[in-house]
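One structure is given here, and the rest of the page talks about it.
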Amino acid sequence: MDLPPALIKLQQQHKSEVIHDAHAERTRRYAEEAPQRQVEATARALPDSLFASHPEVVQATHQATTARNRVERMTKTSKQAIATLVTELEAEAKSAADAVQLAAIDDAIAGDSAFPLALAAMEHHSKAQQRLQAARMASEVLSKAPMSLGEYWEQAQKSEAARNELVLRLKREYLQAHPELLQEHSAP
């Protein structure tokens, strides 16, 4: 169905008014946001090294570097090597368990009711069990690599992004404390 020419003309006029109004609105918003864009540009231009010794940045950098290095090392770790380590730690834990029993017998034969040898052997056995548990956890994760690397890579990226956001926040705060830097940056 064709529209009457008068209605088509009215639609075209209204369309150009809407476009003009939208353009005017964008221009107005752009002008209003200019000071914030200047702050943002000036903040981003500040050197990161200015905040490198800030305690939060030091900690965030350490976390990001650790996470990134972990992923890199995970890609290079031999699944066979970790399996061998688990086997060795299982043997050590078994030996430590046997040693606890022998130490308890030796303490009892010696009449030492404080059981110092048994307690020391128990502590060694407990640490061996904990190391074995840690090795098994690592083996479980590494046996799924490279499929499991995505999760760890994502964590590394989030740590890096958090560090960058922290530095940017500190830069903004620095500019609030030093507004003269904004005037220097905007000077022609």
Among the residues of the stretch 100-145, count how many are more than 15 Å from GLU90 (Cα to Cα), among the small types (Gly, Ala, Ser) and open to solvent by less than 100 Å² (accessible area, probe 1.4 Å). 11
Any chance LYS127 is of a type in the set (Lys, Arg) and more than 31 Å from the chain's Cα centre (by Cα): no
Which members of the stretch 133-188 meet the condition of being modelled with pLDDT under 90, over 24 Å from VAL57 (Cα atoms) and of a type in the set (S, T, N, Q)? SER139, SER143, SER148, GLN183, SER186
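Which ones in the stretch 41-65 are part of a helix (DSSP H, G or I) and without any contact (Cβ under 8 Å) to a residue 12 or more places away in the chain?
In the first step, residues of the stretch 41-65 are kept if they are part of a helix (DSSP H, G or I); the result is 41-45, 48-51, 55-65.
Selection gives SER49, PRO55, VAL58, GLN59, HIS62, THR65.
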May I ask you to say which residue of VAL71, VAL39, VAL18, VAL58 is modelled with pLDDT of 95 or more and of a type in the set (A, V, I, L, M)? VAL58
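What's the total number of residues in the stretch 35-55 that are hydroxyl-bearing (Ser, Thr, Tyr) and open to solvent by 70 Å² or more (accessible area, probe 1.4 Å)?
At the first step, the residues of the stretch 35-55 found to be hydroxyl-bearing (Ser, Thr, Tyr) are 42, 49, 53.
Restricting the remaining residues to those that are open to solvent by 70 Å² or more (accessible area, probe 1.4 Å) gives 49, 53.
Qualifying residue count, the stretch 35-55: 2.
Out of curiosity, is GLN101 among the polar types (S, T, N, Q), closer than 28 Å to ASN69 by Cβ and either in a loop (DSSP other than H, G, I, E, B) or free of Cβ contacts under 8 Å to residues at least 40 places away in the same chain (or both)?
Working: among the polar types (S, T, N, Q): yes; closer than 28 Å to ASN69 by Cβ: no; either in a loop (DSSP other than H, G, I, E, B) or free of Cβ contacts under 8 Å to residues at least 40 places away in the same chain (or both): yes.
Against the criterion (among the polar types (S, T, N, Q), closer than 28 Å to ASN69 by Cβ and either in a loop (DSSP other than H, G, I, E, B) or free of Cβ contacts under 8 Å to residues at least 40 places away in the same chain (or both)), GLN101 does not qualify.
Output the residue which, of all residues in the stretch 104-150 that are basic (Lys, Arg) and part of a helix (DSSP H, G or I), is farthest from GLU72 (Cα to Cα). Show your work before the answer.
Taking the stretch 104-150 first, the residues basic (Lys, Arg) are 127, 131, 136, 144.
Among the residues that remain, those that are also part of a helix (DSSP H, G or I) are: 127, 131, 136.
Numbers: LYS127: 28, ARG131: 23, ARG136: 20 Å.
Top of the filtered list is LYS127.
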Would you say LYS158 is closer than 30 Å to SER49 by Cα and open to solvent by 50 Å² or more (accessible area, probe 1.4 Å)? yes
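The values are calculated or read from the model by the stated rules, or taken from the named source; none is laboratory data. Being a predicted model, the structure only gives us computed values, none of them experimental. Cβ atoms come from the backbone with ideal geometry, glycine included; neighbour counts cover every protein chain shown. Keep in mind that these areas ignore ligands, DNA and RNA; they rest on the heavy atoms of the full protein, side chains included. Shrake-Rupley method; radii C 1.70, N 1.55, O 1.52, S 1.80 Å.
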